[in-house]
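Worksheet: one structure, shown below.
The values are calculated or read from the model by the stated rules, or taken from the named source; none is laboratory data. Owing to the predicted nature of the structure, the values given are computational and were not obtained by experimental measurement. Note that we place each Cβ from the backbone using ideal geometry, even for glycine, and neighbour counts take in every protein chain shown.
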Amino acid sequence: MVSVRSKSTQGDRSLPTNLDSQQGPAIWAVRVLTILGLSGLVIGLDWQGYIPQPIAFLGSKAILAVQGPEPSFVATGYAFPPLLVYGSALVRSPVILQVISGTLLVGSVIRTMGKLGVSRLWQILWTMLILLHPAFGLMLLRDPTWVATTLLLLITLRLLWQILQPQDLPLSFLVVLVGLTVAGLMLLRFEAWWGLVFILIALWCLLLAETWQYRAAALFIVLTMSLFAIGTCVYLNWLATDNPLAFLSQPGSGVRLPGLDSFFVQAGVGEGILKIISWMIQIAPIYVLLMVWLIWRTKFHLQVGLILALPIVLLLINLWEGLYTPNLSQFGVYLALLPLLLGQLPSRQSWRKLLITLGLAVSLVSSGWVLQQNQVIPDEILLWRHLTHQHLPELQPAQQLHQKTIEQRKITAYLFQTRQPQQHILMDDRLHFPILYLLHNTEGLILPHQYEFDVALDYPNQWVGWIVVAGARSPLRSQDAVRRPLAQQMGAEPDSEEALTVPGFHTIFDSPYYQVLQRS
Amino acid sequence: MSDRLTQLGFYLISRGYISPEHWQLVQHVMIQTLQQNLDQLDFTSQSQLSQEISRRLHQTFISGWLQIPGHDIDERLAHHFPIQQLIKLEFLPCALTAENTLVIAVVQFDQPEIKQLVHRVWPQVTLEQLSITKNQLLALLMGQRLGRLPQACDQLRQALPTKTFQSIDSPFVKALARSGFIANQIYQDQVDRQIWQQMEQQLTPAQQREIQLVQARTGSPLGDIMTRLGYLSELSYQDRLNQFAKLPIISMLVGTDFLEVDVQLAQNFQPRAMMDHHFFPLAWVGERSLQVVIRNPYNSEVESILHQKFPGIEIIKVLGTERDITTLLAQYFRKDFSDRAIYQLLKRAPHESAARVFTVPQLLTLYGLSVMGLWLLSHHFWGALAGVMLVLNLFFVIAIGFKLILSVQGLKVRQQQHGRWETLNFQPQSLPVYTVLVPVYNEPEVIPILIEALRQLDYPQEKLDVLLLLEEKDKVTLEASRAANPPGFVRFILIPDSQPKTKPKACNYGLAFARGEYLTIYDAEDIPDPDQLLKAVWAFKNGPSNLACVQAALNYFNRDENFLTRMFTLEYSYWFDCLLPGLESFQFPIPLGGTSNHFRTDLLRQLGGWDPFNVTEDADLGIRASQRGYVVGVINSTTYEEANCQTKNWIRQRSRWIKGYMQTWLVHNRNPWKSIRKLGLKNWLAYQFFIGGTIVAFLSSPFLWLIYFYWLLTRETWLVYLFPSWTLYLSLVCLLLGNALGIYLNMTAVFRRRYFQLLPYALLNPIYWQLHSIASYMALWQLFTKPFYWEKTQHGLSKVKKHTG
């Protein structure tokens, strides 16, 4: 049997120099500045009214969990990812959660880069190229799910690397930690459920030096905690909806955010690989470069290949599941993993440093080009243009989203100003979660999960003061749990492109995307 | 001149006129003008000295007289005198010759009282005086009383092999050794050589190699090694020592009426000192002579102790084994030790004793809470119940987080510790005496196994001090212990029959006899890792000065026997391999486990020993140590025990543990503010979660499960009142994350130990936890009805042969 771990040599890794201890204050200053900068950016964007879709979704679920109306669990129990929904509820805001997890991630990147065996100049240059990379930036600013996923993936990959080349920490301890981090991934990304098989295979290959009993036990350990996590998710879904896999199909679960239907891409394995290679070369060619480089120069080609392929495999599964959308944020994970890869490569020779720098620069420029070409989801186009002070492109989806966000803010402001405390609002929060998030208050709302929702639909005159529904030309109109039955009651087609009329109510706001009715 | 000087030195020292240190000083500085200088120093007059020296150097010794063929002691002659007079005047009539000469052995020549007394019986006889030491006289008198006078004479008569042992046969060398003036080692080497010659034929080559190996390693006397290894009985060893020292052996008299002991006299010395130096003062013989039982006649420290108390006295030594001295101490300090074992802590620190279950403020608090609870239930029924649910679930969530952090940290540090102890500078000579307390009760069947396990300990056996703590009424175990013929390092301590009849009381009683610098406790069925004591010594030597105790891990040798033993192993592995190292790492208070806790004996005594009224005295002691500013650590070593394999027995054992936790929690919460000040808020909170949390978790868990299953079956909507808003989320976290983590962390510990076959059983933990709840309700009931009742765990039920795997 090949002793995998015993074969590891010091030569495989660059010699880390602990620069922390040499220039501690400087490192700390950089960290603090970065953290403050990130916090300022995320919170500043929120204040300016730019609210990314994932944050609005998590925020609305967190508000429901914290404030109700009861039974709030029915509305949140099937939401995915549960870890972030309840995490946001715990810290009261997804923005705070985003700042916390983003700070940890950036801190980790800076810390690892500070330990690279190259001069401080190179460290700073490379760190800047990573942090300024649009994919990394967009991930930090708009997608808490990917930030959390990246954090856990980073830890998992580090642990797997240590299992391959153990240093201070004992093997069983590392396996136990892998079990915990992988379980966390199960509560963040649905594709990780399938990816679990790949992780177990990788773990088996990493432990070739151990007995088969040990390997089997290690797999059992990791599998158990992950199955608990999956079981938790399934159980919550069952409790909330009687359907253990409700999050896959029900609107408002978060797996498929409303309005993005046309952007979802599905592909088989072969096609998926091609697509991913194409994306990777456009957005993060540096990861591909370093990955190939590492696999080529290590003795453990298989093991290193498996470790580094894990994030790519997750992406592939995502495509295969049909849950992939073209967004740059998800590629932030590769940028966050770069310090780990750079740490494994000796980069003392100038040409290597130049090559890495070139790779990072190309990644940055090419991903900027992708963004500039509007090849991503509208949410990212909006954020990119907003950050770079550019005009919005004439692209329909981006314009629509922009228009929608303006209308959402208008409706919210109007409701704030005119609604009396005792007046109820009938609304489908599963589709109109940005309005709920902007309202930041669930008092007086009548939502589909409530017992009184059906009664309110039958007798809106007696129960509600306001009705908020999808606009007549909104693609979501047929899914709206308020508009659809009310239209049927009025004898209209649910898909009709005519404005909704409800006896006793008059329309006070009408647009292609939203219609607001007030009791006369 | 040097011989005379030596003799003089011996005399002066043995009479307590001068200490060995003084003598060294005198000899070194003023050797040329010794007599003048002694005179100047006012130790004694010059003429007295000259007289005494010349007399001692020209007298005939009884041993020499007895070696002449035809010379024997006529035991009928002594019957003419009361024995008290013989002892008082220090003489023995030996023989009446045809020439009407009475040969008498005297300690001091030319005593007119002796002459008068003899002449009253035989008016015309001429006296021929032989020199006899007090010890020799005593030996002969005892021999006469026991009808063993010929044997006593033979001992005196026995000639030493002149060739090999010329040097030790010399009175000067003996004198030097006795006085402690030269290193006992020199004399001991000679004794060793003779013992080796005598024993060599009786030992197998393997045994010889073992002994030589141990001696090369430790440098301990051969006699000690052989007795510790069980190749030579203590009594035989004493017999052989007697050949050199010519001192009577007392062993046969110990425990009989023949031995007259001055009880008041023994009170002048600390039992601890007597135990440590192996002596026991018997009685005054005359005005200035003290008869003392001593194990090693060449131990000058004993003489120093005695002379410190009674300067100028003559010490008459009789030989006794370590067990003889233990028996004497137990016999004459029994009540004192027993009282201390029970009441010491209660007297010294009543607020730290569990003798009182509830204090008045605690009862008032309990009453207040009950009244408030009833009021809330009557006025806000659902609100009150929802509040209880919220508090319970909040507590569970914090406890889960706390245990997760502890476990991960524990798992990390536990493994990093591995191997560090090997840096111990292993010099057996420098290793301290280690006391091992083994309380046994009604367990005759485990005694041979226990003794075998103790033999396996990788620790110099002459540095081992094993005390088998036996209840005096437990004759069965006592007989089994005697029959097992334990090696010399094992002593039997009989615990007086009194209430409370608990293990801590027995341990406290045993503590009085402990000689070790360090001390540990093992249960009778324990199999400790052989190097555990060495690891503990390493931990103490490398730990902080306030490190009072280190706890070794406990695990089970019969782990695969049935469901219960598997679950018990999972639980213990988690507790000792994850949680306790985690607690240690964060420097939180550590509740000690039942056995294998190693103490610094002096600190243990300072702490007041164990609380005999607390049924988990070990957990209580750990917390008490932390409260007093001491540190409790853990060591990476395991003791294998027998896991309880019967449900009923398991529940009884567990109910005692939980009751003990309840007692401990109550004791250390009598004054919470004081506890916070002493422990610090962080440690206090950790203690509340660890001790208090365990109780709350076990008591509340069945209710929560019942509610859950009731809902699962009926889907009753009224339950929503119990779990409003956040409470529901907290409950879900407890139900899903709590149980998952509980199971997972349980797995990690057995994974580390490579007990892979137990991994799937961790999934059954929720069932196992219900057994805890049953036991906890039993414990709660007993806390009010029988707070000090010790639910004895029945051992020896396992059908699995002992192995540590």
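Things worth noting here:
- Failed item, numbered, when B:Ala384 is tested on (1) surrounded by 16 or more Cβ atoms within 10 Å (Cβ to Cβ); (2) at pLDDT below 90; (3) part of a helix (DSSP H, G or I): (2)
Per-residue answers, yes or no, for (1) more than 16 Å from B:Arg605 (Cα to Cα); (2) surrounded by fewer than 22 Cβ atoms within 10 Å (Cβ to Cβ):
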| site | (1), (2) |
| --- | --- |
| B:Gln499 | yes, yes |
| B:Cys507 | no, no |
| B:Gly510 | no, no |
| B:Gln532 | yes, no |
| B:Pro544 | yes, yes |
| B:Ala548 | no, no |
| B:Ala552 | yes, no |
| B:Asp560 | yes, yes |
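- Those helices (runs of 4 or more DSSP H) lying entirely in the stretch B:57-150 with at least 3 residues modelled with pLDDT of 85 or more and among the hydrophobic types (A, V, I, L, M, F, W, C): B:112-121
- For the stretch A:74-118, the set of residues classified as under 14 Å from the mean Cα position of the chain (by Cα), more than 13 Å from chain B (Cβ to nearest Cβ) and of a type in the set (Gly, Ala, Ser) consists of A:Ser101, A:Gly102, listed by residue number.
- Hits in the stretch A:345-368 - residues which are closer than 28 Å to A:Gln167 by Cα and either surrounded by fewer than 22 Cβ atoms within 10 Å (Cβ to Cβ) or not assigned by TED's automatic domain parsing to the domain that holds A:Val106 (or both): A:Leu345, A:Pro346, A:Ser347, A:Arg348, A:Gln349, A:Arg352, A:Lys353
- Within the stretch A:389-410, the residues that satisfy the criterion of being surrounded by 14 or more Cβ atoms within 10 Å (Cβ to Cβ) and not in a helix (DSSP H, G or I) are A:Leu392, A:Pro393.
- Single unsatisfied condition, A:Tyr214 versus (1) among the aromatic types (Phe, Trp, Tyr); (2) farther than 21 Å from A:Leu310 by Cβ; (3) away from every other protein chain (no Cβ under 14 Å); (4) surrounded by 17 or more Cβ atoms within 10 Å (Cβ to Cβ): (3)
- If you go through the stretch B:692-737 and pick out every residue that is over 27 Å from A:Gly179 (Cα atoms), more than 14 Å from every other protein chain (Cβ to nearest Cβ) and small (Gly, Ala, Ser), you end up with 2.
- Scanning the stretch B:75-85 for residues that are within 40 Å of the chain's Cα centre (by Cα) and of a type in the set (A, V, I, L, M, F, W, C) yields a single hit, B:Ile83.
- Qualifying residue in the stretch A:489-499 (condition: buried (at least 19 other Cβ atoms within 10 Å of the Cβ), over 30 Å from A:Asp46 (Cα atoms) and modelled with pLDDT under 90): no
- Residue within the stretch B:749-765 that is within 30 Å of B:Val667 (Cβ to Cβ), buried (at least 18 other Cβ atoms within 10 Å of the Cβ) and more than 14 Å from chain A (Cβ to nearest Cβ) present: no
- Residue in the stretch A:220-242 that is nearest to A:Pro170 (Cα to Cα), counting only those that are of a type in the set (Phe, Trp, Tyr) and at the interface with chain B (Cβ under 10 Å from one of its Cβ atoms): A:Phe220
- One residue from A:Ile124, A:Ile130 being β-branched (Val, Ile, Thr), surrounded by fewer than 21 Cβ atoms within 10 Å (Cβ to Cβ) and in a helix (DSSP H, G or I): A:Ile124
- Residues in the stretch B:519-553 that are under 18 Å from the mean Cα position of the chain (by Cα) and small (Gly, Ala, Ser): B:Ala524, B:Ala536, B:Ala548, B:Ala552.
Per-residue answers, yes or no, for (1) free of Cβ contacts under 8 Å to residues at least 40 places away in the same chain; (2) out of contact with any Ser or Thr (no Cβ under 6 Å at 6 or more places or on another chain); (3) within 14 Å of another protein chain (Cβ to nearest Cβ); (4) within 30 Å of A:Leu45 (Cα to Cα):
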site: A:Trp193; (1), (2), (3), (4): yes, yes, no, no
site: A:Phe198; (1), (2), (3), (4): no, yes, no, no
site: A:Leu206; (1), (2), (3), (4): no, yes, no, no
site: A:Ala218; (1), (2), (3), (4): no, yes, yes, no
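- When the test is whether a residue is under 12 Å from A:Leu153 (Cα atoms), in the same structural domain as A:Gly322 (by TED's automatic domain parsing) and in contact with a Phe, Trp or Tyr (Cβ under 9 Å, 6 or more places away or on another chain), A:Ala183 passes it.
- Pairs are defined by a Cβ separation below 8 Å, a sequence spacing of at least 6 or placement on different chains, a first member in the stretch B:266-279 that is of a type in the set (S, T, N, Q), and a second member that is crowded, with 19+ Cβ neighbours inside 10 Å and not in a helix (DSSP H, G or I); the pairs so defined are B:Asn268/B:Pro281.
- One residue stands out among those in the stretch B:621-639 that are over 20 Å from the mean Cα position of the chain (by Cα) and part of a helix (DSSP H, G or I): the one that is surrounded by the fewest Cβ atoms within 10 Å (Cβ to Cβ), which is B:Gln627.
- B:Val318 satisfies every condition listed in (1) crowded, with 21+ Cβ neighbours inside 10 Å; (2) in a helix (DSSP H, G or I); (3) assigned by TED's automatic domain parsing to the domain that holds B:Glu301 except (2).
- The residues listed here are B:Leu369, B:Leu364; of these, the one that is exposed (fewer than 11 other Cβ atoms within 10 Å of the Cβ), at pLDDT 90 or above and outside the structural domain of B:Cys578 (by TED's automatic domain parsing) is B:Leu369.
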